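S.K.: Here it is, the structure in full.
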Amino acid sequence: MLKGIDPRLNADVLFALRAMGHGDTLIIADTNFPADAISRETVLGELLRMENLTAAEAIDAILSVLPLDTFVDDFAARMAVVDDPDSVPDVQREVQATIDAAEGAPRPMVAVDRFAFYDLARDGYAVIQTGERRFYGCFMLRKGVVGPDA
């Protein structure tokens, strides 16, 4: 254990979050996402796991140490529901609330089509698979910067 570090963050996840640079993307995936295959194509090249957590719980822990990019509109994304991209399932509402709480104000995620999301994931820094079993529990977070006064 470490002081001030959320205990839900394991050593492998902390390593990846620390190694990421400004603008790098992190994929948070549900249990149905092809995480192992896609993670092999990422910068990190291996799958990370936070298996006993929902998507919102994992993202809450991640955002305790990871700043989100403030310079772009696609600082966070959600996988859009097939044939109903404007629909926002409960799992996505929970994650949006987690992001809003971390940011201190509402910042809506962008919706990304399923297959475009897979491509986005392949180009990402890393994939973390959670224990989220609800459909459409897949998200992208873009790392921001930590200022000199932080």
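S.K.: What residue among Ala116, Leu47, Phe15 has its Cα farthest toward the positive end of the dipole of region 11-142, where the charges are +1 on Lys, Arg and -1 on Asp, Glu, each on the Cβ?
M.R.: Projecting each Cα onto the dipole axis, the largest value belongs to Phe15.
S.K.: What FRET efficiency would be calculated for the residue pair Lys3, Thr31, taking the C-beta separation as r and a Förster radius of 25 Å, to the nearest 0.05? Write down the numbers at each step before the final one.
M.R.: Working: r = 32 Å, r/R0 = 1.27.
The calculated FRET efficiency here is 0.20.
S.K.: Could you work out the local net charge near Ala55, counting Lys and Arg as +1, Asp and Glu as -1, over the other residues with Cβ closer than 9 Å to its Cβ? Provide the component values of the computation, followed by the final result.
M.R.: Numbers: positive: Arg134; negative: Asp30, Glu57, Glu94, Glu132.
Within the 9 Å Cβ shell, the charges total -3.
S.K.: About the Cα centre of region 11-142, what is the dipole size in debye to 20, counting +1 per Lys and Arg Cβ and -1 per Asp and Glu Cβ, all else neutral?
M.R.: 220 debye
S.K.: Sort 133-143, 97-107, 62-72 for me by packing, meaning the mean count of neighbouring Cβ atoms within 10 Å per residue, highest on top.
M.R.: Details: 133-143: 22.0, 97-107: 13.6, 62-72: 16.3.
Output ranking for 133-143, 97-107, 62-72: 133-143, 62-72, 97-107.
S.K.: Along the principal axes of its C-alpha atoms, what lengths does region 95-145 span, in descending order and rounded to whole Å?
M.R.: Computed over the Cα atoms, the extents are 30, 28, 19 Å.
S.K.: Hey, got the Cα dimensions of region 11-142 along the principal axes, in Å, largest first?
M.R.: For region 11-142, the Cα spread along each principal axis is 32, 30, 28 Å.
Every read-out reported here was derived from the displayed coordinates using simple, explicitly stated rules and does not represent laboratory data. If you're wondering where the values come from, they're calculated on a predicted model, not measured in any experiment. All Cβ positions, even for glycine, are placed from backbone atoms using ideal geometry, and neighbour counts span all protein chains on display.
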